[in-house]
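Read through the structure below, which is laid out as structure tokens, and then see the notes.
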Ligand SMILES: Nc1nc2c(ncn2[C@@H]2O[C@H](COP(=O)(O)OP(=O)(O)OP(=O)(O)O)[C@@H](O)[C@H]2O)c(=O)[nH]1
Ligand SMILES: [Mg+2]
């Protein structure tokens, strides 16, 4: 994407298929690798989620100067969520101040993941010219214009011999802590063989207890190849990963998927993308084969679709293929589905659990500058929503505005910009707003009658019951317990619809309602005047009245925030956080820099990046991620209510 090049950041993950020829002693071995490059910025976190959902292993890339950054900590959490084993690559070894061992220490203590170097560098910064492979105890040099030739020497240069020895011992010690076989050898004071060492690294990596650390410089074309060999040596192949599905025909019992081509097909659509040639759907094949012309069933909709075309992506180019086997990733043209849908060949009733979709926390109003652009605007909005489950859109009937919500200001900014470039629609946007929520804190009974008699057919509906806190903040709950037909069956559905609509727009400040339960257990129906509309409206009215009596509160998003900066700025940073009422949960002080973990309300974080820059001479950085909703301070709630009432009053004047 052009926008990525301009901003210098990755926005969308890109899937690529490649062959890697690993030079084994004497013979070459070809490995097929499906690679997905993900963005690092938290605003595009869904791209990381969906990649980790379908990948069997990951390469965690760190900077040799900055080591574990606040963003690394967020991605670490995501890797853990999907149990993805990883090897690590310390990049930018050519940079001034490069220190891979500092970064390794940080993986150990900041990420609490056992890590040890499997290489040590020969020379550093612009003198960086080789690495010693600690598993084989051999020296590697890069030759050729782009470092494409790796020359292996038995001789280890004198000046790095002590370092190589020391780090090899460290590697073995670290492994002995997490691997029983290595522990036994270690206790017997036996030197492991190359095979034993490799096998231990592989076991410990796949069981998520350890990460082997490689080092090099991508920019200077140095030592990326040994890391790719490491992918083959230490990350699992598809048959070594346990992937589960739920069998809908057996009460959702978990079943293991087996990556055999001969078994019935099961695949997961994890990413949709509009390409120049039409809608592309990325599918990870977990079991069986996906063939061109095959009829597949969408487990969510039960609809059957025929697979018209299958391609393999090679970054910007695609290769048409007739089938792909178990364990692979491919893209398919021309099938309608949503991101996260499971496909099967119809023989099995399997469905795979989807990825974690974080809640959007920032929203803003948007509209095209010119009315003539409305059709394109709608098209763009629909497509972005299909592609990205963290990008949400709703129309606020009261303010007559389209509101988009997402993971951060940059996330929304990118969509506004893409609208302009890809759909030629210039938009006006409002100020970014925090996505607040509303809930109630006590139980209230209601008994509400809607009755209108205006000549002809009137409106009549009575609903009674209670509202109460649901006990948790995941969604809302509606239940009818009507006995004796006081509300006739056909209108109960309308009541539920009224409830759902009422939850979309809270009575307090017009934000979504959460954690609220409504039970209707009585009511009355009129022979001629009752209608679905009457019951829907009556429920909405009852909801709004009961809601305001039930001690409603505004909820605000709290963010898990991680700040890192050089040690001399610790006082400044902690001061900044305290001013924003952050609750600091942990602090780690390293040799040069420190890390603070805190929970802060998103509302208090506006403008933080500028303040942090000023307080740390530009050297501090931070990342944040939604944690949960919490009751907003009373003063803020008052302000929000006042602002909402004022906006409503202004609208009604017009
Ligand atoms: N000195 C040096 N700079 C590098 C090296 N590798 C990458 N860079 C520079 O680091 C910057 C970021 O590189 P990217 O590849 O965009 O980093 P990224 O992790 O993909 O970033 P996002 O996808 O936006 O999260 C660019 O300016 C690169 O030129 C390296 O080995 N040495
Ligand atoms: Mg990138």
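The values are calculated or read from the model by the stated rules, or taken from the named source; none is laboratory data. Worth saying up front: this structure is predicted, and the values here are computed from it rather than measured. All Cβ positions, glycine included, derive from the backbone under ideal geometry; neighbour counts span all protein chains shown.
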*Taking the stretch 15-48 only, how many residues are more than 10 Å from ligand 1 (Cβ to nearest atom) and surrounded by fewer than 18 Cβ atoms within 10 Å (Cβ to Cβ)?*
17
_Count of the stretch 180-195 residues which are part of a helix (DSSP H, G or I) and crowded, with 17+ Cβ neighbours inside 10 Å_ = 3
_Which listed residue, of 64, 58, is surrounded by 16 or more Cβ atoms within 10 Å (Cβ to Cβ) and near ligand 1 (Cβ under 10 Å from one of its atoms)_ = 64
*Out of all the residues in the stretch 79-106, which are within 20 Å of residue 595 (Cα to Cα), buried (at least 21 other Cβ atoms within 10 Å of the Cβ) and within 14 Å of ligand 1 (Cβ to nearest atom)?*
90, 98, 100, 103
*asked:* Exactly one of these conditions fails for residue 475: (1) in a strand (DSSP E or B); (2) in contact with a helix residue (DSSP H, G or I) (Cβ under 9 Å, 6 or more places away or on another chain); (3) under 30 Å from residue 603 (Cβ atoms). Give me its number.
replied: (1)
*Just to be sure, is residue 224 within 36 Å of the chain's Cα centre (by Cα), within 16 Å of ligand 2 (Cβ to nearest atom) and either surrounded by 15 or more Cβ atoms within 10 Å (Cβ to Cβ) or under 30 Å from residue 127 (Cα atoms) (or both)?*
yes
*asked:* Would you confirm, using the coordinates I've provided, whether residue 177 is over 26 Å from residue 107 (Cβ atoms) and either under 38 Å from the mean Cα position of the chain (by Cα) or part of a loop (DSSP other than H, G, I, E, B) (or both)?
replied: no
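Let's see how each residue does on (1) part of a loop (DSSP other than H, G, I, E, B); (2) surrounded by 15 or more Cβ atoms within 10 Å (Cβ to Cβ); (3) free of Cβ contacts under 8 Å to residues at least 40 places away in the same chain:
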| site | (1), (2), (3) |
| --- | --- |
| 595 | no, yes, no |
| 599 | no, yes, no |
| 604 | no, yes, yes |
| 618 | yes, no, yes |
| 626 | no, yes, no |
| 637 | no, yes, no |
| 644 | no, yes, no |
| 649 | no, no, yes |
| 652 | no, no, yes |
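Only one of 573, 562 is out of contact with any helix residue (DSSP H, G or I) (no Cβ under 6 Å at 6 or more places or on another chain), crowded, with 21+ Cβ neighbours inside 10 Å and in the same structural domain as residue 623 (by TED's automatic domain parsing); which?
Checking each option against the conditions leaves just 573.
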*Quick one: residue 30 ticks every box in (1) more than 15 Å from ligand 2 (Cβ to nearest atom); (2) over 25 Å from residue 129 (Cα atoms); (3) not in a strand (DSSP E or B) bar one, so which box is it?*
(3)
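Which of the strands (runs of 3 or more DSSP E) found entirely inside the stretch 297-348 contain at least 1 residues meeting this: in the same structural domain as residue 281 (by TED's automatic domain parsing) and within 23 Å of the chain's Cα centre (by Cα)?
309-314, 329-333, 342-344
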*Lone unmet requirement of (1) away from ligand 2 (no atom under 16 Å from the Cβ); (2) farther than 25 Å from residue 220 by Cα for residue 65*: (2)
*Considering only the stretch 1-26, state which residues are more than 18 Å from residue 148 (Cβ to Cβ), more than 14 Å from ligand 2 (Cβ to nearest atom) and at pLDDT below 85.*
2, 24, 25, 26
